[in-house]
Amino acid sequence: MVFRGEFVPVSGPWHHVMALLTAALLMAFCWSFLRLPDANLLMVAFCFLSASVLYQVPDGRKRFRLLLPMAFCAMSLQFLIGICREEKWLLAVLPALASAGIMRFLPGKVTSCSMCIAGYLAFFAPGSWLPAADRAFGIALGIPVVLLATAIFHSHQPEPDGFYGRFSMKEALDLGFLLGVGTWLAESLKMGQGAWIMLTILFVCQFSCGSGRYADASLDRIIATPLGLFLGGLFLGCLAFFDYRFIYLLFPFGAFSFYLLNRKGDFFWFTVFFMMAFSLYADWSTGDVRRFHFIQLLAQRSAATLIGTVLIFFYDGMRKGEGIA
């Protein structure tokens, strides 16, 4: 079942796409220019996700006041994951508790999920405190980048209803518990793409917390994730026969996925195009696109997505059992 929301005017999605695309490109330039070795994709993702949220806020002062705690939450969570990498039980407990705290106290459900996504991307980055500190510096560097992008492209309408709504304590603890279970499973099973268990939970939650249609979004993601990876692998294979410079089309692909989501509320095709763009860009950022192990990536990430959707189904069942709308 394809999860679709309301059809909205074109101006909103257009501003959304331009804000997040501008923020991502500016941050990618800063990453290359300043040569931050351990900042990784995380700092680009932080700017991308932050601009995606803050473009809806028309007032510049409000954007600044909201962005500071957002950056602090992303920096703290990724730093915690970085320093806990050698202690498996701490890795399953402390980031989950921190995520629950972020979801409970950071204004905006989508906002808190976005910052948790940025934090959990630290699973794909080097561990220990020094690389984590370097990534924290990269996130701090992204603050003026996000403010600049959203100053140029932002909504001229008031914030949507419920924009500042928070998760209840029960919801935050439940989601934190699921993230902890997902981390434990990823580490116990030694899954190379195990972080996508947690990221699947957070992505589905991010785009379903307003409608409550977690099951529909989960079913879409089970199918859309391997489809997006397959199309991404097909695209990457074509580069070998044509021109590797076509890799720069991934930025528009990623932006187009958000346009589909905001224009038509189409979570299925959003996931397809986003997975296609994100997976290839993440591998390209290592500096060698020939290291793209397609079959291994497809199998492991599909398995992690399946586990994540099973956990979010469990969460949805708990909500329905408690009569939560």
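For the reader, a short list of remarks on this structure follows.
- Förster-model FRET efficiency, 41 Å R0, residue 318 and residue 128, C-beta, rounded to 0.05: 0.70
- Both radii are taken from the alpha-carbon atoms of the range 138-178; with Rh as the Kirkwood radius, Rg/Rh is 1.17.
- Model label zone, residue 89; criterion: amide N under 18 Å from point 7 Å along Cα-to-beta-carbon; scope the range 179-216: 180-189
- Solvent-accessible heavy-atom area per residue, rounded to whole Å², over the range 48-171 at 1.4 Å: 42 Å²
- Along principal axes, Cα extents of the range 125-227, largest first, whole Å: 47, 40, 35
- The figure for residue 110 is an accessible area of roughly 60 square angstrom, using a 1.4 Å probe on the protein chains alone.
- Both radii come from the Cα set of the range 84-144: Rg as radius of gyration, Rh as Kirkwood radius; their ratio Rg/Rh reads 0.98.
- In Hz, Karplus ³J(HN,Hα) per residue of the range 128-143 (6.51, -1.76, 1.60; θ = phi - 60°; x = Gly, Pro): 6, 6, 5, x, 5, 5, 5, 5, 5, 5, x, 5, 4, 5, x, 4
- Candidate lysines - alpha carbon under 28 Å from residue 190, same-chain residues fewer than 8 apart omitted: 88
The values are calculated or read from the model by the stated rules, or taken from the named source; none is laboratory data. Computed from a predicted structure; not experimentally measured. All Cβ positions, glycine included, derive from the backbone under ideal geometry; neighbour counts span all protein chains shown. Only protein heavy atoms, including side chains, enter the accessible area calculation; ligands, DNA and RNA are left aside. Shrake-Rupley method; radii C 1.70, N 1.55, O 1.52, S 1.80 Å.
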